[in-house]
Structure formats: C-alpha cells, structure tokens
Amino acid sequence: MTAYSNGVSDMEKRVSFVGLGAMGWPMAANLVRAGYDVYVFDASSDATQRFESEVGGHACASLAELGDAADVVITMLPTSKIVRNVLFDEHGVTRTLHAGAVVVDMSSGVPGETIQIARELAARDIKLVDAPVSGGTRRAVTGELAIIVGGDEDVIDRVAPVLKVMGRSITRTGPIGSGQAMKALNNLALGGSFLVALEALLVGKKFGLDPALIVDVLNASSGMNYNTQTKFRQFLLSGTYAAGFSLDLLVKDIGIAVQLAEELDADVPVASVCKTIWSAALDTLGTGHDHTEIAKVTAKEMGVSFP
Ligand code: NAD
C-alpha cells in the first residue's frame, strides 16, 4: 500500500458512499474533487450512473461491490431503518465489508438505533461513527457543513480528514449516538423557530405590512433566526419553495427529538405542539414536498393570500 504525503494509505484514500440525494450528491462530489477515490451507490441506479458520468468516482452495481471497495463507508440516507437495511440486508454492505473498516453514518437518525447498529457492527469488528450534519444543501455544496460527531475518539481521528472535506466545523459530542441526539435537538429548534416566525409573518401580512419588509425588519432585529435569514425571502416570498430539505425528513427529526424527551421523562409541551403542526402539514400536503411549503398550509388556515 502506498503512503500518501498526508500519512494515509491508498486504501484510506478510498471512500464508499451510499445515498446520492439532495445532500449526499454534493458531499460525495466534494470528496471526488478533494482527490478521494469514491465508490458510490444509490437505490436509483440512474443517480449512481449519472454521478459517475457527471462528477467522477465509480458507480457500483451493488452494495456488496461498494462494501468490498473501501475501508471507510459513508451512509447519507433518509432514516436509521434504511441505514440498517443497507448495512445488514442479505445483499447489504456488511456482506463484503472488511474487518477493521469504519462506517460513518451521516444521515439524521435515531440515537438508540444507532447504538444498536454500532453493537452489531462491533460483533463483526467494524466501527461506527455517527456524524449527522447541519447546514442544508447550500453548505453541502460548498463543503461547509456543521458536522456533529459521536463515537470513539480514535475512530473519529481516523475519519477526520474525510469529514474535513465536507464540513466547516466538526464538533465531537461524546459516545456513539450522541451526534444523532444533538442533531435531532437542533432540528427541533429549527422547526419550532420556523413556525413562530411564520406566524409572525402571516399576522403581519394580515395587518397590512409588506411581507418583504417584515422579513427585513426581523433580520435586522432580535426576532431573526436561521429560517428568517436563509429561507423566508429566498423560498417563501419568492414562491419557489425549494430549500432542498423535505417536509418528511423534518417531521422525522422532530419526532426523534420528542421521542428522546419522552424516553428521558422530560415534559416538552412546546415541542409537542411543534410536532403536531409539522405532522399535520405533512398529512395535508402528502409526501415529497419541501418543508417550506408548510407556509401555504398555514397561510390558508389563517386566511392570508401567499405566493
Ligand atoms: P434525499 O431523500 O434527497 O436523498 C436520500 C437518498 O437516499 C436518495 O437518493 C435515495 O434514492 C437514497 N436511498 C434511499 N433508500 C436507499 C437504499 N435502500 N439504498 C441506497 N440508497 C437509498 O434526502 P437528503 O435530503 O439527501 O437527506 C439525507 C439525510 O440527511 C437524511 O437523514 C436527512 O434528514 C439529512 N439531512 C438533510 C438535510 C437537507 O437539507 N436536505 C440537511 C441536513 C441533514
């Protein structure tokens, strides 16, 4: 094995990547651009093939092929359940993954399930790190994600060069599963602050204030939050509703956070209402919508015309 100037072997310069969706595609693309030999697979064979032809890397025909190709496997998938299937199914990654390999689960998932997956991988002498991300598709593209990492220090050290390609900040939160807990709590705060600011926007519009002016004033004042700064003008007022984060996934994350609170016997009345409102929007709109489209539902309920 050749040693690279940064001390990693050629096998360590190989990365397998499962899940080429809104986030996974630009993250894997950054690894290709950084000189990694990237082996990709997505349930959509079209996405897998397009990635190889448009970005580079190697399109794998199966998870087994991908598992055999590298000793670092990144998963960027919708749910922990899908991560489990991808790893342990009859034709899954662990069928061929080498002992000593590391799986880096960058999906947002359930802490308890992540801990259980880590145990099952450990029985095969495979390590797991949970490394969910925040920052959305915009920062996935620029390689400036906030990466929240749980797991053993020495294992995180081993994959840190790979994480640094995709993230601006890498925060270690503690043992395996702690990254997932922190990520779910972040998205609870994201979802709650979105709803309150949206209500402020719509009440303001009903009062007769100009919506663009409301957003500008919020963003110049103490009522600002991440949503008012990066989504309200860009995806609500523009009428594009294309933030790149699905309503389904946000409802999943808020559900994980509320479940965590229940398991800890913590009373979370605001979070519970937040979950109810986002879940109701999903029921109304159905799956496959951007999370910003909740504005249409709330505006209709409030009797406010909105783009
Ligand atoms: P996405 O739905 O756009 O992409 C998921 C990808 O996984 C799809 O390409 C799908 O084909 C693939 N996939 C599904 N099942 C598969 C399987 N069994 N085998 C192989 N591939 C499979 O989702 P996303 O927005 O990229 O989100 C991925 C993860 O990142 C989620 O856990 C999400 O909560 C989290 N996340 C998303 C954002 C965002 O802004 N979109 C931000 C932070 C974190």
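The values are calculated or read from the model by the stated rules, or taken from the named source; none is laboratory data. Computed from a prediction, not measured in an experiment: that's the story for all the values here. All Cβ positions, glycine included, derive from the backbone under ideal geometry; neighbour counts span all protein chains shown. Quick note on the areas: whole protein, heavy atoms, side chains included, nothing else; ligands and nucleic acids left out. Shrake-Rupley method; radii C 1.70, N 1.55, O 1.52, S 1.80 Å.
Debye calculation, C-alpha points only, no solvent: report log10 I(q)/I(0) for the range 1-156 at q = 0.15 Å⁻¹, in the same order as the q values. The Cα Debye sum returns log10 ratios of -0.74.
Note on the chain: the C-alpha convex hull projects to 16.8 nm² when averaged across all orientations.
Share of carbon and sulfur in the accessible area of the range 152-307 stands at 60%, probe radius 1.4 Å. In this simple spin-label approximation, GLN234 and SER222 carry label points 7 Å from Cα along the Cα→Cβ vector, and these lie 2.7 nm apart. Couplings 3J(HN,Hα) of the range 169-177, computed from phi: 10, 10, 10, 8, 9, x, x, 3, x Hz, in residue order, whole Hz [Karplus 6.51 cos²θ - 1.76 cosθ + 1.60, θ = phi - 60°; x for Gly and Pro]. Calculated on the alpha-carbon coordinates, the convex hull of the range 196-307 measures out at 107 cubic angstrom per residue.
Beta bridges from DSSP with both residues in the chain: antiparallel share about 15 percent, rounded to the nearest 5. Please list, in chain and number order, the residues 5+ apart from ILE170 or on another chain whose amide H is under 5 Å from its amide H, with Hs placed from the backbone. Counting only residues 5 or more places away or on other chains, the set is ILE147. The spacing between the range 46-121 and the range 173-203, judged by their C-alpha centroids, is 26 Å. Placing +1 on the Cβ of every Lys and Arg and -1 on the Cβ of every Asp and Glu, with no other charges, gives the chain a dipole of roughly 800 debye about its Cα centre.
Using only the C-alpha atoms of the range 73-150, find the volume of their convex hull and express it per residue in Å³. Intermediate values should be presented prior to the final figure.
Numbers: hull volume 7.1 nm³, N = 78.
In the range 73-150, the Cα convex hull volume per residue is 92 Å³.
Mean Kyte-Doolittle hydropathy of -1.0 or higher plus an axial Cα length of 30 Å or more: which whole DSSP H helices in the chain meet both?
Details: long enough: 178-207 (44 Å, 0.75).
Membrane-span-like by this criterion, though nothing is claimed about a membrane: 178-207.
Net charge near LEU247, counting Lys/Arg +1 and Asp/Glu -1 over other residues with Cβ under 10 Å of its Cβ? Don't skip to the end; give the middle numbers.
Working: positive: LYS252; negative: ASP248, ASP290, GLU293.
Counting the neighbours of LEU247, the net charge comes to -2.
Counted by Cβ distance under 9 Å from PHE306, the other residues give a net charge of +3, where Lys and Arg count +1 and Asp and Glu count -1.
Taking Cβ atoms as reference points and 12 Å as the exclusive limit, the residues near THR94 contribute a net charge of -2, counting Lys and Arg as +1 and Asp and Glu as -1.
For the range 245-307, the ratio of Cα radius of gyration to the globular rule of thumb 2.2 N^0.38 Å stands at 1.22. The mean accessible area for residues of the chain, using a 1.4 Å probe and ignoring ligands and nucleic acids, is 45 Å² per residue.
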